[in-house]
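Here's the structure we're looking at; comments come further down.
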Amino acid sequence: MSPTATDPARRHAALVAEIRAHDHRYYVLDDPSVSDAEYDALLRELKGLEAAQPELATPDSPTRRVAGAPRSDLRTVPHVAPMMSLDNAYAEADLADFVRRVTEGLPAGARPRFIVEPKLDGGSVELVYREGRLVEGSTRGDGASGEEITHNLRTIRALPVTLPYHDPLTLRGEVVLYRRDLARLNAAREAAGEPPFANPRNAATGSVRLLDPREVARRPLRVLIWQVVEGPAFAPSHSAALDRLAALGLPTHRAHVVCDDLAAVTAAIRDIDARRPDYPYETDGAVVKVDDFRHQEVLGATSKFPRWAIAYKFQAERAATRLLAITVQVGRTGALTPVAELEPVRLAGTLVSRASLHNEDVIAGLDVRIGDLVEVEKAGEIIPQVVGVRADQRTGDERAFAMPERCPACETPVERREGEAALRCPNRRCPAVVKGAIEHYCRRFAMDIDSVGEALVDQLVARGLVADVADLYDLQAAAVAALDRMGAKSAENVIGAIRASRERPLERLLTGVGIEHVGQVAARQLAEAAGTLAQLLTWSPEEARERAAAIAGFGPKMAESVARFLHDPESRALLERLLAREVSRPQPAAVVAAGGPLAGASFCVTGVLSRKREDVHAAIRAAGGEVHDKVRKGTTYLVTGEKVGKSKTDAARKHGAEILTEAELDAKLAPPDA
């Protein structure tokens, strides 16, 4: 009999070592050597040993990968060093400029080498190891600090909680969810009656910030390391650091290529782009870095980006699939939007079965026909749209499509306004228009009535209980409880949420009622100019035009839209009914910081940010800056988060606006002595 069979401590150590080895093979090397049943048997034996002899259970035992009770919030912690953003390249000419700048920035005769690796599309994190133990993990946050998520990261079995390396080690990595793991996770969620996740990135970034680590442990998250902060003390180059991390048992993408010149860099990027469908994780570009850490130190960084790295952004991923039908949706403004019903196809991490065709001019321009093999991509990696037709694949059975002459929801003859591409239903009582308007009114950025969703709105309108948003405030709990899938408790929640919305400030109400050309920022400015709904309703058409035109950023079209809305009989009647029901509170006066650090500057904010966009707007205003919905002439800065559309950055360049990351904005917001 072996000594480990009779010595519990030695058996425990052997089991721990074996389970860790299997974790490494499965989660890091993607090459499991035992079945799930065999692995579970080893883990059960380890749990049994620790139950019999609790003193054997060390904090880093595989059984302790889920630790602690649910938390009430996530505290913010500073990063060991700033997590800077990368400058972007969109064409090979941009790469050539980058290589030239690097070469010119190094001592004469120095020949830089480069490393090219996939740009992982997940949630960035910082990991801090001290004395060989994982002591802290945090989200990227604003680049200077992030939310502390150590307990959640400990549940990721690919990530060692101890290392055979005892010097200080700070790592940067990406929390990801493999596509195949998302498919299994979504299947389980749908079987349990839970909504599926939209894509791997959303699932990963949302999961890692959950307050209950036990729930995080149920999700097959992985982390891939892509940077060592203490680089020069750890290895001579970035590529050597990645190799050493792998040797220490840390998970990396194992897909980097070292290149000697621009031609090799370009070839490596093209290869990564071609391999995108084959990677188990999502990628949205390639990252090019100067490999030698000494060269990185010489090159340094600007206030925005490191000079030794650049992100090459790929074109939006496309997929080909069959167009099965074209349906027409009617939105809250009455606009008719043709929608492509597709044979489901995987695109940028999600299964796409519908895509926008925008309007009949786009259909004509593409010459798209039902039955065509079409090309689909995601605009800004978010909204699927049809962008091309493979006409050479036609069989002759394809059918042309014509937009309807009558609204598909109410049979009213459709109209086209002068200068517009969209057809519209002019019937304001059209069920589709009414439902769209109510859903918009209830959205988080408007009146935030989260208990009133699409399914409930459908029933409220179909049963004749609600014909406009003012009717929401007349609903009775008994009538709501009688609807499908509702009960007394759910009905009370709905009525309570509607009642609470009365306390929203005027800007939320003006956002909710959907004045044409007036977005969230403009609605706030208009609310500040009026103060109260009652005061707004006293404006004559001429006064409305004059006062709206005097608001910074309001052009003639917006001013006319405000005047037209306030004096349109139906719109005015709706506002008066809302006023009679005591909906909305006075708008707080604008806080003007004349001497603030952003005084005189104007901003447009776009993309996915680390905090609510409303909070970013408030911080800018409190520092003396102005905020506009769009980049226009005179805009000083465009603040960008993640997933930024190219149209906004193009507009910034056209109008001479400087592009800032969220971290760079925060640096401008900070007091001079911070």
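The values are calculated or read from the model by the stated rules, or taken from the named source; none is laboratory data. These figures come from a predicted structure and were not determined experimentally. Cβ sites come from the backbone with ideal geometry, for glycine too, and all protein chains shown count toward neighbours.
Note on region 462-480: residues that are surrounded by fewer than 18 Cβ atoms within 10 Å (Cβ to Cβ), over 14 Å from R499 (Cβ atoms) and of a type in the set (A, V, I, L, M, F, W, C) total 5. When region 101-121 is filtered for residues that are more than 17 Å from S237 (Cβ to Cβ), touching a helix residue (DSSP H, G or I) at 6+ places or on another chain (Cβ under 7 Å) and in a helix (DSSP H, G or I), only G105 remains. Taken as a whole, region 115-129 holds no residue that is surrounded by fewer than 19 Cβ atoms within 10 Å (Cβ to Cβ) and touching a residue at least 12 places away in the same chain (Cβ under 8 Å). Against the list (1) surrounded by fewer than 18 Cβ atoms within 10 Å (Cβ to Cβ); (2) part of a strand (DSSP E or B); (3) touching a helix residue (DSSP H, G or I) at 6+ places or on another chain (Cβ under 9 Å), the condition E375 fails is (3).
If you check L29 against the conditions, is it at pLDDT 75 or above and among the aliphatic types (A, V, I, L, M)?
Values: at pLDDT 75 or above: no; among the aliphatic types (A, V, I, L, M): yes.
No, not satisfied.
Would you say G600 is under 29 Å from the mean Cα position of the chain (by Cα) and either more than 30 Å from E658 (Cβ to Cβ) or of a type outside the set (D, E, K, R) (or both)? Here the answer is no, as G600 does not meet what is asked. Restricting to region 96-114, name every residue that is among the polar types (S, T, N, Q) and either surrounded by 19 or more Cβ atoms within 10 Å (Cβ to Cβ) or not assigned by TED's automatic domain parsing to the domain that holds E174 (or both). Scanning region 96-114 gives no hits.
When you scan region 192-208, do you find a residue that is more than 17 Å from the chain's Cα centre (by Cα), among the charged types (D, E, K, R) and crowded, with 20+ Cβ neighbours inside 10 Å, even just one? Scanning region 192-208 turns up no residue that is more than 17 Å from the chain's Cα centre (by Cα), among the charged types (D, E, K, R) and crowded, with 20+ Cβ neighbours inside 10 Å. Scanning region 282-293 for residues that are of a type in the set (D, E, K, R) and either closer than 21 Å to E664 by Cα or in a strand (DSSP E or B) (or both) gives D284, K289, D292. Taken over region 462-471, the criterion of being outside any loop (DSSP other than H, G, I, E, B), over 31 Å from the mean Cα position of the chain (by Cα) and closer than 21 Å to T511 by Cβ is satisfied by A470, D471. Total residues in region 449-475 satisfying the condition of being free of Cβ contacts under 8 Å to residues at least 12 places away in the same chain and among the aromatic types (F, W, Y): the figure is 0. Scoring V386 on the criteria (1) outside any strand (DSSP E or B); (2) in contact with a helix residue (DSSP H, G or I) (Cβ under 8 Å, 6 or more places away or on another chain) leaves a single failure, condition (1). Report yes if some residue within region 238-250 is in the same structural domain as L153 (by TED's automatic domain parsing), crowded, with 18+ Cβ neighbours inside 10 Å, of a type in the set (S, T, Y) and more than 17 Å from I156 (Cα to Cα); otherwise report no. Yes: region 238-250 contains one or more residues that are in the same structural domain as L153 (by TED's automatic domain parsing), crowded, with 18+ Cβ neighbours inside 10 Å, of a type in the set (S, T, Y) and more than 17 Å from I156 (Cα to Cα). If you filter region 631-653 down to residues that are crowded, with 16+ Cβ neighbours inside 10 Å and of a type in the set (D, E, K, R), you find that the one that is nearest to G206 (Cα to Cα) is E642. Residues that are modelled with pLDDT of 95 or more, part of a strand (DSSP E or B) and crowded, with 16+ Cβ neighbours inside 10 Å do occur in region 356-372. Screening A233 with (1) part of a loop (DSSP other than H, G, I, E, B); (2) under 24 Å from A81 (Cα atoms) gives one miss only, at (1). For region 1-17, a residue qualifies if it is at pLDDT 75 or above and either within 26 Å of V176 (Cβ to Cβ) or aliphatic (A, V, I, L, M) (or both), and the qualifying residues are A9, A13, A14, L15, V16, A17.
For every residue, the table says whether it meets (1) crowded, with 18+ Cβ neighbours inside 10 Å; (2) closer than 26 Å to G625 by Cβ.
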site: L509; (1), (2): yes, yes
site: G512; (1), (2): yes, yes
site: I515; (1), (2): yes, yes
site: V518; (1), (2): yes, yes
site: R524; (1), (2): yes, yes
site: A527; (1), (2): yes, yes
site: T532; (1), (2): no, yes
site: E543; (1), (2): no, no
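So if I check each of A93, A69, which one is exposed (fewer than 13 other Cβ atoms within 10 Å of the Cβ) and either in a helix (DSSP H, G or I) or modelled with pLDDT of 75 or more (or both)? Just one listed residue meets the conditions, A93. Whenever a residue of region 325-339 is farther than 10 Å from C430 by Cα, its partners that are among the hydroxyl-bearing types (S, T, Y) and at pLDDT below 95, lying with C-beta atoms within less than 6 angstrom and at least six residues away or across chains, give the pairs Q329/T337. Per the listing V494, V521, the residue uniquely part of a helix (DSSP H, G or I) and in contact with a strand residue (DSSP E or B) (Cβ under 7 Å, 6 or more places away or on another chain) is V521. Among the numbered conditions (1) part of a strand (DSSP E or B); (2) surrounded by 20 or more Cβ atoms within 10 Å (Cβ to Cβ), the only one that V258 does not meet is (2). Checking each residue in region 294-329 for being closer than 30 Å to L177 by Cα and not in a strand (DSSP E or B) picks out K304, F305, W308, F314, Q315, A316, E317. All conditions in (1) more than 23 Å from H256 (Cα to Cα); (2) touching a residue at least 40 places away in the same chain (Cβ under 8 Å) hold for R189, with the sole exception of (2). All of A421, A432, A409, A446 fail the test of being surrounded by 13 or more Cβ atoms within 10 Å (Cβ to Cβ), in contact (Cβ under 8 Å) with a residue 40 or more places away in the chain, more than 27 Å from the chain's Cα centre (by Cα) and part of a loop (DSSP other than H, G, I, E, B), apart from A409.
Residue-level analysis places A183 among those that are in the same structural domain as V223 (by TED's automatic domain parsing), within 20 Å of the chain's Cα centre (by Cα), part of a helix (DSSP H, G or I) and surrounded by fewer than 22 Cβ atoms within 10 Å (Cβ to Cβ). Among the residues of region 498-519, those that are of a type in the set (D, E, K, R) and more than 10 Å from D448 (Cα to Cα) comprise R499, R502, E503, E507, E516.
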